[in-house]
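A quick write-up on the structure given underneath.
The values are calculated or read from the model by the stated rules, or taken from the named source; none is laboratory data. None of the values given here were measured: they were computed from a predicted structure. So basically every Cβ, Gly included, is an ideal-geometry build from the backbone, and we count neighbours across all protein chains shown. Note: areas computed on protein heavy atoms with side chains; ligands, DNA, RNA excluded. Shrake-Rupley method; radii C 1.70, N 1.55, O 1.52, S 1.80 Å.
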Amino acid sequence: MKKNPAFDFLRTMAVIMLLVGALGSIGFVLNKGRHTPIFLLILFVGWVLLPYIALLIVNVLSKPWPVPARKTLCILMLLIPIGSLLIYSGIWRPADTRPAAIFLVVPVISHLLIVAVIAVTRKLTRNSVTNKK
């Protein structure tokens with residue numbers, strides 16, 4: 001496999017953004033949950049980190065995937081942390097929404113988006129490989 005500096009840079013930035021997003025998300029959870037019981041706070045932190053962990057695992061498992069599918073994954077790894085942080089910060093939060101609801105819903109939406117994008121991308125790349133044969 002040839003080295004692709006642009007793709008290597010994209011992948012590196014995606015992993016860095018995942019780490020920044022995970023740390024930022026933890027910061028928002030801890031800030032909003034200052035008065036929350038510790039057990040519940042630990043559950044929230046774990047729940048909020050799940051999309052980041054899932055993306056890191058998929059990133060490792062995606063090594064044999066075609067390059068277009070891996071590029072799509074990297075773009076998703078950039079967009080989910082950015083969107084999550086914007087929502088957690090309150091910039092994209094609907095009015096009169098309780099913080100707990102945001103920290104419950106955003107990971108669910110992130111997981112649905114991850115599954116949908118990966119499924120569609122894998123299907124499209126399989127079809128393009130099949131059509132080339």
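Within region 1-36, the set of residues being over 23 Å from Val67 (Cα atoms), open to solvent by 90 Å² or more (accessible area, probe 1.4 Å) and modelled with pLDDT of 95 or more comprises just one member, Leu23. Looking across region 84-117, the residues that are open to solvent by 30 Å² or more (accessible area, probe 1.4 Å), outside any loop (DSSP other than H, G, I, E, B) and within 30 Å of Pro68 (Cβ to Cβ) come down to Leu85, Leu86, Ile87, Val108, Ile109, His111, Leu112, Leu113, Val115, Ala116, Val117. When the test is whether a residue is in contact with a His (Cβ under 9 Å, 6 or more places away or on another chain) and surrounded by fewer than 18 Cβ atoms within 10 Å (Cβ to Cβ), Ala54 passes it. In region 57-78, the residues that are open to solvent by less than 80 Å² (accessible area, probe 1.4 Å) reach residues that are among the aromatic types (Phe, Trp, Tyr) and assigned to a loop (DSSP other than H, G, I, E, B) with C-beta atoms within less than 8 angstrom, at least six apart or across chains, in these pairs: Leu73/Trp65.
Summed over region 61-91, the residues that are among the β-branched types (Val, Ile, Thr) and either at pLDDT 95 or above or in contact with a Lys or Arg (Cβ under 8 Å, 6 or more places away or on another chain) (or both) give a count of 4.
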